[in-house]
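A.B. asks: Before we start, here is the structure in question, set down as structure tokens.
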Amino acid sequence: MPATANTAVRLHGVAISFALAEGRRYDAVAPTDLLVGENEFVSIVGPTGCGKSTLLNATAGLLQPASGTVEVFGQPLSGINRQAGYLFQQDALMPWKTVIDNVAIGLEIAGTSRTQALSHAREWLERVGLGAFCDRYPQMLSGGQRKRVGLAQVLIRDPKLLLMDEPFGPLDAQTRLIMGDLLLKLWSEDRKAVMFVTHDLDEAIALSDRVVIMSAGPRSGIIGDFRVPLERPRNVAEIRHDPEFNRLHREIWDALRDQVMAAYNTTAGASAA
Amino acid sequence: MKRSLLIALQVSVALVVVVLWHLASTTTLFGDPKTIAFFFANPVGVATRIWTWFSGGTIWYHLGITLTESALAFLIGSLGGVVFGFWFARKPLLAAVFDPYVKAANALPRVVLAPIFALWFGLGIWSKVALGVTLVFFIVFFNVYQGVKEVSQPVLNNGRMLGMNERQLLRHIYLPAALSWVFSSLHTSVGFAVVGAVVGEYLGSAAGLGYLIHQAEGVFDVVGVFAGMFVLMAFVLVVDGLVTLVERRLLAWRAS
């Protein structure tokens, strides 16, 4: 783990638990430490229900950790994380706003004039390849196109930290590859700090500088931390054939497999969801 | 099915009914035409009556009154529903305390309020407006309440992460979400506004379509009753058509 001077996120003993019925508590995440460097792309991989999204939400300030502290660029976090942009797994666009209004809103509420916000939004939509769709409503777009709008909506505010919660999870395999490439292209322009939650190990290795593995819940924690020394720029589809990619995949999968099986065994017999 | 064929079939249904009605009230095919005409009027008479009303211009006054009452009832009821729906949805304690009273008030059949309203607001348009408001209010209220309660959590979190404060969340997320529910209940609430106006007029007034029908009934003028009903039907259809136009404009984002 790099103990860099320029740390974007520092989780220190962050634990998360939820209140259940009858005063019982569910300890989702045991006290966890994690550092994310200023220009670092870190993926968090783990089996279903391991609390990786919860950890992300704690970093976003959407969730209060039961204990521990979250530091963002050296400052302890309280309330919503103002430095972060968050790309959600579910549809999070405002359906009643057109695509361009959805992208412009982040600037508008921060006080940018409407004309200026709209012209920036148009630029961003061009960059994500949706220049021709400015006046559509989200419902009229495909899932992949909505994710592109989401990306523009988040990046237009130029956040110093990017939080992504299985953003491409609902997309089909081909669209995921294309979105991965788009993300890397945009990211390479200014290399923001990224925390990228996914359950797809291929995606994690192809995109990241570091892959962090979490154990199966409850009381999950980080059980592995792997550097990804693959060269950039990368092609998300091509890099899967790289021998180094395969070696890494095997190494990380060895650590992950037991956790996936453990998670599977605790949920097997329960609903297939 | 082709649109023209569908319309042709729809029109032919009306034609068959009118022809049967005409035969029943003028020939001995279905029994004594005098008796049938007494109970069911006859299409020619009804058409003539409607023509007289419109050519003489008397009907416009009554239509205007009913339209005014419906519009006022709709506006006031919707406004109240939006404000209270919003307020209750954002203040769970308030909603919990008033829940049984809201349910009780809504359980009351509104017709019984008509005499009270006539007493309070007189026989002019305001007693009818009040009746319509009690109907429209609850529809809009429940819709807005539900709409605000069920705002999508990711959309809300996204708004927060994009930097919205409480006021901005209200304006960009809660309000549009609630209004979309209001608009989707537009047909029902506009319909109820008309019901409130007409029932109110029927039970005591000096003008409006309900008054017209009531007057005709009072003197066993069956032709007048049927003529009034047809004008009322056409009125509601026109209003409903306007609502559809408004809806298409306001809910453009829902179309796929």
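A.B. asks: Restricting things to Cα coordinates, could you compute the convex hull volume per residue of the stretch A:91-158 in Å³?
C.D. replies: Dividing the Cα hull volume of the stretch A:91-158 by its residue count gives 73 Å³.
A.B. asks: Using a Förster distance of 51 Å, how high is the FRET efficiency between B:N106 and B:K34, based on the Cβ-Cβ distance and rounded to 0.05?
C.D. replies: E(calc), rounded to 0.05, equals 0.60.
A.B. asks: Continuing with this model, one more query. Over chain A, with a Gaussian network built from C-alpha contacts below 10 Å, which listed residue (A:H120, A:H241, A:H12) shows the highest mean-square fluctuation?
C.D. replies: A:H241
A.B. asks: Another question about this same structure. Count, for each residue of B:151-158, the Cβ atoms from other chains sitting within 10 Å of its Cβ, then give me the mean as a whole number.
C.D. replies: 6
A.B. asks: Among A:T175, A:T69, A:T112, which one shows the biggest mean-square fluctuation in a GNM of chain A, springs joining Cα atoms closer than 10 Å?
C.D. replies: Taking springs between Cα atoms under 10 Å, the residue moving most is A:T112.
A.B. asks: Counting other C-beta atoms within 10 Å, which of A:F245, B:F137 has the fewest, and how do the rest follow?
C.D. replies: Ranked by crowding around the Cβ, least crowded first: A:F245, B:F137.
A.B. asks: What are the residues whose amide H is under 5 Å from the amide H of A:F41, where those residues sit 5 or more places off or on another chain and H is modelled from the backbone?
C.D. replies: Long-range HN contacts for A:F41: A:V194, A:D209, A:R210.
A.B. asks: Among B:Y61, B:Y174, which comes first, then next, by fewest other beta-carbon atoms within 10 Å? Write down the numbers at each step before the final one.
C.D. replies: Working: B:Y61 11, B:Y174 20.
So the residues, fewest neighbours to most, are B:Y61, B:Y174.
A.B. asks: To continue, here is another question. Out of every Cα-Cα pair in the stretch B:91-176, what percent are more than 21 Å apart?
C.D. replies: 51 percent
A.B. asks: Between the alpha-carbon centers of the stretch B:191-215 and the stretch B:1-80, tell me the distance in whole angstrom.
C.D. replies: About 17 Å separates the Cα centre of the stretch B:191-215 from the one of the stretch B:1-80.
A.B. asks: Across the residues of B:177-185, average count of Cβ atoms on other protein chains within 10 Å?
C.D. replies: For peptide B:177-185, the averaged partner shielding equals 1.
A.B. asks: Relative to the Cα centre, what is the charge dipole magnitude of the protein assembly as shown, using +1 at the beta carbon of each Lys and Arg, -1 at the beta carbon of each Asp and Glu, and rounding to the nearest 20 debye? Mind dumping the intermediate values first?
C.D. replies: Numbers: 44 positive and 41 negative charges, 137 e Å.
I would put it at about 660 debye.
A.B. asks: Next question. Below 8 Å between Cα atoms, with a sequence gap of 6+, how large is the relative contact order for the stretch B:44-254 in percent?
C.D. replies: Across the stretch B:44-254, relative contact order equals 29 percent.
A.B. asks: How big, on average over all directions, is the shadow cast by the Cα convex hull of the stretch A:195-251, in nm²?
C.D. replies: 4.1 nm²
A.B. asks: Of B:A207, A:G68, B:P100, which is farthest on the positive side of the dipole of the protein assembly as shown, counting Cα position, with +1 on Lys and Arg Cβ, -1 on Asp and Glu Cβ, and the Cα centre as origin?
C.D. replies: Result: B:A207, furthest along the dipole toward the positive end.
A.B. asks: Give the percent of DSSP beta bridges with both residues in the protein assembly as shown that are antiparallel, rounded to the nearest 5.
C.D. replies: 50 percent
A.B. asks: Explain nothing, just compute: Karplus ³J(HN,Hα) = 6.51 cos²θ - 1.76 cosθ + 1.60, θ = phi - 60°, for every residue of the stretch B:151-161 in order, whole Hz, x for Gly and Pro.
C.D. replies: Computed from phi, the couplings for the stretch B:151-161 are 4, 4, 4, x, 4, 5, 4, 4, x, 4, 5 Hz.
A.B. asks: Please work out whether the stretch A:44-150 counts as rounded, prolate or oblate from its C-alpha gyration tensor, where a ≥ b ≥ c are the square roots of the eigenvalues and a/c under 1.5 means rounded, while otherwise a/b larger than b/c means prolate and anything else oblate?
C.D. replies: It is oblate, given that a/c is not under 1.5 and a/b is not larger than b/c.
A.B. asks: Also, I was wondering about something else. For chain B, what is the charge dipole size about the Cα centre, in debye to the nearest 20, if Lys and Arg each add +1 at the Cβ and Asp and Glu each add -1 at the Cβ?
C.D. replies: 880 debye
A.B. asks: Using +1 on the beta carbon of Lys and Arg, -1 on that of Asp and Glu, and nothing else charged, what's the dipole of the stretch A:91-158 about the Cα centre, debye to 20?
C.D. replies: 120 debye
A.B. asks: Applying 1/(1 + (r/R0)^6) with R0 = 25 Å to the Cβ-Cβ distance of A:E231 and A:Q90, what FRET efficiency is obtained, to the nearest 0.05?
C.D. replies: Efficiency, rounded to the nearest 0.05: 0.15.
A.B. asks: Report the one residue of A:V99, A:G23, A:A84 whose Cα lies farthest in the direction of the positive end of the charge dipole of the protein assembly as shown (charges on C-beta: Lys and Arg +1, Asp and Glu -1; origin at the Cα centre).
C.D. replies: Of A:V99, A:G23, A:A84, it is A:V99.
A.B. asks: Mind checking which of B:G85, B:G31, B:G191 has the largest fluctuation in a GNM of chain B, springs on alpha carbons under 10 Å?
C.D. replies: B:G31
A.B. asks: Residue-wise, which Karplus ³J(HN,Hα) couplings in Hz belong to the stretch A:12-29, taking 6.51 cos²θ - 1.76 cosθ + 1.60, θ = phi - 60°, and x for glycine or proline?
C.D. replies: 10, x, 6, 10, 10, 9, 10, 6, 9, 5, 6, x, 7, 10, 10, 7, 6, 10
A.B. asks: Let me ask something else. Report D for the stretch A:167-266 in µm² per second (integer): Stokes-Einstein, Kirkwood Rh on Cα pairs, 20 °C, 1.002 mPa s.
C.D. replies: D = 148 µm²/s.
A.B. asks: From the phi of every residue in the stretch B:79-85, what ³J(HN,Hα) in whole Hz does the Karplus formula 6.51 cos²θ - 1.76 cosθ + 1.60 yield, where θ is phi - 60° and glycine or proline is x?
C.D. replies: Along the stretch B:79-85, the couplings run 4, x, x, 5, 4, 6, x Hz.
No value in this document is a laboratory result; all are computed from the given coordinates. Quick caveat, the model's predicted, so the values are computed rather than measured. Glycine gets a Cβ as well: all are built from the backbone with ideal geometry, and neighbour counts include every protein chain shown.
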